1. With springs only between Cα atoms under 10 Å, which of A:254, A:12, A:195 fluctuates most in a Gaussian network model of chain A?
2. Given the options A:213, A:255, A:233, which has the most mean-square fluctuation in a GNM of chain A, springs set between C-alpha atoms less than 10 angstrom apart?
3. Can you pull out the trypsin sites (Lys or Arg not before Pro) in region B:61-160 that DSSP calls coil and that have at most 12 other Cβ atoms within 10 Å?
4. In the protein assembly as shown, how many lysine pairs have Cα atoms under 27 Å apart, counting only pairs 8 or more places apart or on different chains?
5. I need the semi-axes of the equivalent ellipsoid of chain B: take the C-alpha gyration tensor, multiply each eigenvalue by 5, square-root it, list largest first in whole angstrom.
6. Please arrange A:118, B:11 by how many other C-beta atoms lie within 10 Å of their C-beta, fewest to most.
7. Name the helices (complete DSSP H segments) of chain A with a Cα length along the long axis of 18 Å or more and a Kyte-Doolittle mean of at least 1.6, or state none.
8. In a shell of Cβ-Cβ distance under 10 Å around residue B:164, excluding residue B:164 itself, what net charge do Lys and Arg (+1) and Asp and Glu (-1) give?
Amino acid sequence: MQTTAPERRQITAVSRPSDKAFQGVVTAGALSAFVVLALIAGFLFLRSTEVFRTFGFDFITRSKWDAGSVEDARAPQFGVAAMLLGSIIVSTMAMIFALPFVMGTSLFLEYYISRRIRFVLVSILDLMAAIPSIIYGLWGYLVLMPYASHWAASINKYLGWIPIFAVDRENFDASPFVASLVLCLMILPIASSVTREVYSRAPQDQITAAYALGASRWGAIRAVVLPFGLSGLVGGMLLGLGRALGETIAVLLTLNLVFAVKFQVLASAGGNVASLIASRFGEAGPLELKALMAAGLVLFVLTLLVNFGASIIVGRASRSTK
Amino acid sequence: MSISLQGTIGRGEFERSLNLSVADGEVLAITGPNGSGKSTIIHTIAALVPLRSGHLESDGAMWDAPDSKQWVAPENRTCAVVFQDLRLFPHMNVIANVSYGLRAQGVSKDEAHSRSTAVLARVGLSLFATRRPSELSGGERQRVALARALVVEPRVLLLDEPLSAVDVVSRAALRELLPEVLGGFAGATILVTHDLSDVEAMATRSLGLF
């Protein structure tokens with residue numbers, strides 16, 4: 001029997017005015033985020049062009065931050081290396097501290113308690129996200145820092161032979177360690193919220209399959225929930241990293257800003273780009289203001305790179321569990 | 001090991017009273033139309049859903065008795081399930097899927113690997129150990145699910161429509177393999193099916209739920 005393929009049909013659909021209007025609204029909403037992002041990038045780029053033209057790549061690799069002085073005939077020098085490295089160190093430490101809490105909180109809320117208690121605890125956790133940064137900063141400075149300094153001293157005493165735990169002077173206040181503990185608390189709500197949401201969507205049939213093969217609850221979580229939720233965990237942690245990298249006032253209160261590249265995380269000296277901008281913005285002259293804009297641009301690019309890398313990791317992780 | 005269930009399963013219009021027992025070496029086939037509670041029996045025995053009333057016991061040990069608030073967790077019941085939709089772990093390869101139950105019970109990695117390899121050979125999948133479930137045919141996936149249940153050496157094997165998700169050719173091959181495997185299985189087997197050919201090929205006794 002000979003068969004012939006049917007002729008290709010032209011399918012047309014006439015959109016109603018309300019459909020067109022709705023499409024326009026959602027398209028505008030989606031595009032506005034990109035437009036705002038582009039405007040911020042363009043603004044920072046334009047304002048910082050002169051700084052990059054003057055200092056070139058040295059702006060990224062040098063640590064000295066000096067507005068210069070006409071009286072002393074001292075030329076201005078701006079370099080963001082120490083602050084940039086400080087931001088990365090403090091944020092990375094905050095992520096490391098937060099990771100077990102994020103995983104533990106998410107799993108506990110999703111798999112170990114009743115729905116009613118979960119509702120109460122989730123509300124409290126969400127409330128933590130609404131606390132202003134300044135409150136975290138003040139609490140970190142007034143309450144946490146004395147304890148954290150004591151812990152830092154103990155770490156230094158027993159693990160001081162490891163270079164990052166060594167200190168030149170025994171002052172453990174306002175160190176990257178203290179700042180990262182405060183940041184850890186600040187990123188916990190958002191990171192836990194995203195992670196918990198993804199954990200809750202772990203395939204129930206595979207969890208029951210694990211039980212049916214003799215797995216305990218932890219066994220089922222390890223085999224099914226953790227691999228399935230990896231992308232959510234990475235996504236949640238990176239949202240937290242975004243907040244940690246950009247956090248200003250809480251870090252400013254709990255970290256002693258020093259314009260020198262330091263890897264000693266327990267020492268009372270560190271760096272943070274956002275806090276640098278906040279601390280210098282009020283008294284900056286025209287060139288220093290542009291240098292602060294350039295520092296902002298560097299932070300902006302760093303955050304974009306982190307998020308871009310995160311998207312790739314999340315994509316790979318979610319493909320591997322399908 | 002024998003298993004006996006006397007009581008009520010399911011809820012609302014699916015509620016059903018049952019009285020069944022299966023002895024060692026026996027293959028009890030449970031047949032019936034959709035919604036008759038066949039799969040719920042499997043899930044109840046495997047502790048995935050609780051018994052509504054009555055009692056479920058295995059060799060005198062009470063597994064589930066709502067009235068006296070006795071309930072044994074799934075990991076402490078010596079049974080294994082082959083689900084209708086298989087439920088293989090998609091992110092694990094075949095050998096990891098098969099050895100999962102052993103590892104969950106605390107068996108060492110090496111021993112779990114060697115025991116899993118032996119069971120894979122029994123179901124004819126030795127060459128597929130490093131493949132992911134997505135790289136297998138329906139019949140091969142079914143064999144993995146069977147191997148995964150057998151490797152933990154359960155005292156009660158629960159097969160929920162084991163041949164419903166495979167094509168005709170694979171079904172014929174599995175219908176030859178399953179009786180052979182079940183013949184060498186010392187524990188009690190409950191086979192849920194709506195296909196009378198499966199009953200003829202594998203069961204020693206049958207129970208109709210209508």
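What follows is calculated from the coordinates using simple rules that are stated; it is not laboratory data. Since this is a predicted model, take the numbers as computed values, not measurements. So basically every Cβ, Gly included, is an ideal-geometry build from the backbone, and we count neighbours across all protein chains shown.
1. A:12
2. A:213
3. Working: sites: B:69, B:77, B:87, B:103, B:109, B:115, B:122, B:131, B:141, B:143, B:148, B:155; in loops: B:69, B:77, B:87, B:131, B:155.
Answer by residue number: B:69.
4. 6
5. Largest first, chain B gives 28, 20, 15 Å.
6. Least crowded to most crowded, the residues run B:11, A:118.
7. Working: long enough: A:17-55 (54 Å, 1.06); A:81-107 (38 Å, 1.90); A:115-130 (23 Å, 1.21); A:145-159 (20 Å, -0.11); A:176-200 (34 Å, 1.42); A:226-246 (29 Å, 1.31); A:286-320 (51 Å, 1.34).
Helix filter hits for chain A: A:81-107.
8. Around residue B:164, the surrounding residues sum to -4.
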